[in-house]
Amino acid sequence: VHQMECDVNRNIKQITQMTQEKQRLATELDLATKIQRGVLPKGYPAFPDCKSFDLFASMDPAKEVGGDLYDYHLLDDDHLMITVGDVSGKGVPAALFMMIVKTLLATHAKSGLPPAQIFQTTNSQLCKNNVMDMFVTCWLGILTLSSGELCYVNAGHPFPVLLREGNASFID
């Protein structure tokens, strides 16, 4: 009887510890979700003063929150930058790395660098002190609104799909 009582107490302690760990993980995922949603563009229309085009984006994670990212900025009156990417991993570390990637890309794009150089500069900065060996796949395009010319670069990310008049094709 004494052994049974010890086993029950040990099991209760293990279940309590597992429950606490599960709650901690749920809190971490909730925090990562809030971080991720807080830094992605929102509010539509995206550019209310711009009448020549409209833009809408959303993200619905399949399971866990992680490093999925998208971004867009008017760099000036004639250039729109669009970014889509995915950071390795899940949870708070991926969400934080995603914020760093997003910030670096936007900063370098606003300085007037072409897409390839934006990636090269960002990659160099990301590789410094990357103790968790995280990485990102990413596609970045800069659209010249007046001409429709799209200059883009891809770093291991699936190519985006262009939907035109009901026909879909990859931008490769």
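Taking each residue of segment 18-31 that is touching a residue at least 24 places away in the same chain (Cβ under 8 Å) and looking for partners that are outside any helix (DSSP H, G or I) with beta-carbon atoms closer than 7 Å, six or more apart or interchain, yields L29/E64; L29/V65.
Among what's in segment 155-172 and is of a type in the set (G, A, S) and surrounded by fewer than 10 Cβ atoms within 10 Å (Cβ to Cβ), pick the residue that is farthest from D68 (Cα to Cα).
G166
Look at C151 and say whether it is of a type outside the set (K, R), touching a residue at least 12 places away in the same chain (Cβ under 8 Å) and buried (at least 17 other Cβ atoms within 10 Å of the Cβ). So C151 does not fit the description; no. For segment 14-52, a tally of residues being open to solvent by less than 80 Å² (accessible area, probe 1.4 Å), modelled with pLDDT under 85 and assigned to a loop (DSSP other than H, G, I, E, B) returns 2. Scanning segment 4-46 for residues that are closer than 16 Å to G67 by Cβ and hydrophobic (A, V, I, L, M, F, W, C) gives L29, L31, A32, I35, V39, L40. The residues in segment 32-48 that are in contact (Cβ under 8 Å) with a residue 12 or more places away in the chain and among the small types (G, A, S) can be counted, and the count is 2.
Can you tell me which residues in segment 91-110 are open to solvent by 20 Å² or more (accessible area, probe 1.4 Å) and over 17 Å from G38 (Cβ atoms)?
Within segment 91-110, L104, T107, H108, K110 meet the criteria.
Number of residues in segment 109-124 that are within 17 Å of the chain's Cα centre (by Cα) and without any contact (Cβ under 8 Å) to a residue 24 or more places away in the chain equals 1.
The values are calculated or read from the model by the stated rules, or taken from the named source; none is laboratory data. Computed from a predicted structure; not experimentally measured. Ideal geometry is used to build each Cβ from the backbone, glycine not excepted, and the neighbour counts take in all protein chains shown. Areas reflect the complete protein model, heavy atoms only, side chains present, ligands, DNA and RNA absent. Shrake-Rupley method; radii C 1.70, N 1.55, O 1.52, S 1.80 Å.
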